[in-house]
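These notes concern the structure reproduced below.
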Amino acid sequence: MKPVSLLVVAGLVAFAPPPSAAPFGGEVRAVSLLASPGQAELVVSVNGDVTVTDLTLRDPERLVIDIHGATLGALDLPMYDGVNRAGVRNVRVRQFAPTTVRVVLDLDRQVDYQVESADGTVRVTFGADRTFLAWSTTSPARAADLPVETAPEVETLPVVAAVMRQGQEPRITVSWDGASVADVVSGFAALSGRTIILGKEVGNTKVTAEISDKPWTQAFQAILAANGLSAQEMPGGIIRVDSPKALAEIDSLQPMETTILRINYARAAEIAASISGILTPEKGKAIADTASNSVILTDKRNRIDEISDFVRSLDIRTPQVSIQAKIIFVDRSDISQLGLQYDIGNESQFFNKLVSRADPNGEPGTTFDENVTIVDLGGNTVSAIGNADATIAGSALDLVFSTAIGGFTLTSFLSALEKVELSDVQAEPVITALDNRRAKILVGEEIPVRIVDLSSPVTGGGGAPRSTVQFKETGIKLEVTPHVTNNREILMTLDTERSAIQPLAAADLGFVITKQSSQNQLLVKDGETAVIGGLTVTTVTRTRTGIPLLSSLPLIGNLFSFTNDTENRKDLIILVTPRIIDDGVTN
């Protein structure tokens, strides 16, 4: 049997080169998050004289430590491994300014903390309800850079855990030939820095396998699965290895526990529905209390913390979006009318329609009715009317020309009109909505409209028809559901409308609602203006009435006809400009 060699572990660690001298006098050498009884410590090791300032930020909760007069130098900056340690979800270290290093702790909640700076060390101390595996930006080879009193803490770190990067776990190249499961698990424990315990049903199974440059977690799971074993992480980060049956039996013995999770931003009912799929089957329960906006969670004790962390990841503050829409509606009508009327007659025969004649048999000053026609039966005579019924209402120009031709009187009437009607409506509704929440704004009125139902009389037989009153909502309406994407663009579902009611002329014939609306979905950058709708409708109507044959003559045809030209143009433009409103701070 070839013994297991753990020398490969040392080959997995990449040591950073010695840091260079800081150009501004101070240098940050290491950042560590350590556990001590009842509390957690953020330890920043520095060289040189520095000053420290601190502040807290809300929504989400953050603790910011600024170290002035220092640089990062050649410090290797591994990303935080994502483990929640004493409420710390992330640790970020950046060169915030040429002479300022910023350390940001992303927290689950506000904490009471104390900052001390002495002997080349900046310490931030706050309470912790349980112990945790320490984290550091340095490898053990650089533990001497930390202060003496913190060196034992760093030395207990596993060889690889100190340089583990998020999404990049230590890789292993090793072979086993008849090694016991206990020895193999011990090797993985030394490699990963995790505490791994064996169950009583692990047995003395021998392992023969060869792993070549694979992440240790994948290799660990493959070795356990090949030998009928499984692993389960316990609270505190301890990994328990045993048969699946034994782990299930132990898990079934866990007592049930109930806790209350306060929800800040989301709705408790939505959170309860979201976590229903991860609760323990038949035992776990999540009940939403709408009065306090809390979730009453009941599940196994060893799963309470896991589910609570999941709820906190859902209960995050979402940005608000301010949306400004602009609706422009222009309605323009151009009307041009021109016409000529002719009247010819004499004293003994005439039409009394255009030119009123005096009644020769009546009292002085009296005239015939306009519909009276006088016909002379004693001789040959003629009378005529041209375009008598073609009139222009509200004409802007009226011209009368009269002449005598022998015993006849010829009178000509000219009427002309040009009219322009313009309606320009501009509405700019502004509305602010939460991310993924529907919002609506209406600027208008509700108009009562009487509806007559001729088929339903009030009383039987010949009773009056039944009438009801309905309220119709008209005006400017904007409905929007915004969503802020990860790259801070805004996806919007929009419904815009401009409407007005126009009753019909007849008393009980109803009404007409003129409406311009659009429904669409679009993606817009923050602060960008987009055109979500544009429409132009042009209607041209030309009417011509006149004396047959004469009105068709070229050049002079207009002298014997009436013309009515109407052009109506409607333009609609809808613009929208969204802006993200938040107070996020990025480093």
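Summary of computed values
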{"read-out": "Which listed residue is modelled with pLDDT under 80, in a helix (DSSP H, G or I), among the hydrophobic types (A, V, I, L, M, F, W, C) and touching a strand residue (DSSP E or B) at 6+ places or on another chain (Cβ under 6 Å), from Ala143, Ala162", "value": "Ala162"}
{"read-out": "Selected residue (criterion: farthest from the chain's Cα centre (by Cα)) from residues of segment 404-422 that are open to solvent by less than 50 Å² (accessible area, probe 1.4 Å) and not aromatic (Phe, Trp, Tyr)", "value": "Leu410"}
{"read-out": "Positions within segment 328-338 being buried (at least 18 other Cβ atoms within 10 Å of the Cβ) and at pLDDT 90 or above, in sequence order", "value": "Gln337, Leu338"}
{"read-out": "Breaking point among (1) more than 21 Å from Met79 (Cβ to Cβ); (2) at pLDDT below 50, for Asp183", "value": "(2)"}
{"read-out": "Any pair with Cβ under 6 angstrom, 6 or more apart, that starts in segment 86-111 at a residue that is in contact (Cβ under 8 Å) with a residue 12 or more places away in the chain and ends at one that is open to solvent by less than 20 Å² (accessible area, probe 1.4 Å) and among the aromatic types (Phe, Trp, Tyr)", "value": "Asn90/Tyr80; Val91/Tyr80; Val111/Phe126"}
{"read-out": "Some residue of segment 38-49 being open to solvent by less than 10 Å² (accessible area, probe 1.4 Å), within 24 Å of Tyr265 (Cα to Cα), in contact with a strand residue (DSSP E or B) (Cβ under 6 Å, 6 or more places away or on another chain) and not basic (Lys, Arg)", "value": "no"}
{"read-out": "Subset of segment 229-265 [within 38 Å of the chain's Cα centre (by Cα) and among the polar types (S, T, N, Q)]", "value": "Thr258, Thr259, Asn264"}
{"read-out": "Residue in segment 56-73 that is loosely packed, with under 15 Cβ neighbours inside 10 Å and part of a strand (DSSP E or B) present", "value": "yes"}
{"read-out": "Residue list for segment 82-111, restricted to those being surrounded by fewer than 18 Cβ atoms within 10 Å (Cβ to Cβ), of a type in the set (A, V, I, L, M) and assigned to a strand (DSSP E or B)", "value": "Ala97"}
{"read-out": "Helices (runs of 4 or more DSSP H) enclosed by segment 215-292 - at least 2 residues per element that are modelled with pLDDT of 85 or more, open to solvent by less than 80 Å² (accessible area, probe 1.4 Å) and not charged (D, E, K, R)", "value": "216-226, 268-275"}
{"read-out": "Filtered residues of segment 305-317 (kept if part of a helix (DSSP H, G or I) and within 31 Å of the chain's Cα centre (by Cα))", "value": "Glu306, Ile307, Ser308, Asp309, Phe310, Val311, Arg312, Ser313, Leu314"}
{"read-out": "Output for segment 429-480, where each listed residue is assigned to a loop (DSSP other than H, G, I, E, B) and either open to solvent by 60 Å² or more (accessible area, probe 1.4 Å) or modelled with pLDDT under 85 (or both)", "value": "Pro429, Asn436, Arg437, Arg438, Val458, Thr459, Gly460, Gly461, Gly462, Gly463, Ala464"}
{"read-out": "Yes/no for Ala97 being over 22 Å from Gly26 (Cα atoms), aliphatic (A, V, I, L, M) and under 34 Å from the mean Cα position of the chain (by Cα)", "value": "no"}
{"read-out": "Residue ID - farthest from Gly87 (Cα to Cα), chosen from residues in segment 112-129 that are at pLDDT 85 or above and open to solvent by less than 40 Å² (accessible area, probe 1.4 Å)", "value": "Thr121"}
{"read-out": "Residue within segment 293-312 that is open to solvent by 70 Å² or more (accessible area, probe 1.4 Å) and of a type in the set (A, V, I, L, M) present", "value": "no"}
{"read-out": "Tally of residues being over 16 Å from Arg240 (Cβ atoms) and either surrounded by 14 or more Cβ atoms within 10 Å (Cβ to Cβ) or in contact with a Phe, Trp or Tyr (Cβ under 8 Å, 6 or more places away or on another chain) (or both) across segment 190-204", "value": "3"}
{"read-out": "Condition check for Thr566: surrounded by 15 or more Cβ atoms within 10 Å (Cβ to Cβ) and within 30 Å of Leu338 (Cα to Cα)", "value": "yes"}
{"read-out": "Selection status of Asn302, within 32 Å of the chain's Cα centre (by Cα), under 29 Å from Gln110 (Cα atoms) and not aliphatic (A, V, I, L, M)", "value": "no"}
{"read-out": "Segment 191-210 - residue that is hydrophobic (A, V, I, L, M, F, W, C) and at pLDDT below 85 and, of those, farthest from Ala128 (Cα to Cα)", "value": "Val202"}
{"read-out": "Thr208, sole failed condition from (1) loosely packed, with under 14 Cβ neighbours inside 10 Å; (2) in a strand (DSSP E or B); (3) under 42 Å from the mean Cα position of the chain (by Cα)", "value": "(3)"}
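The values are calculated or read from the model by the stated rules, or taken from the named source; none is laboratory data. For clarity, every value in this text was computed on a predicted model and none was experimentally measured. Backbone-built Cβ (ideal geometry, glycine too); neighbour counts: all protein chains shown. When the accessible area is computed, the model is the full protein with side chains, heavy atoms only, and any ligands, DNA or RNA have been set aside. Shrake-Rupley method; radii C 1.70, N 1.55, O 1.52, S 1.80 Å.
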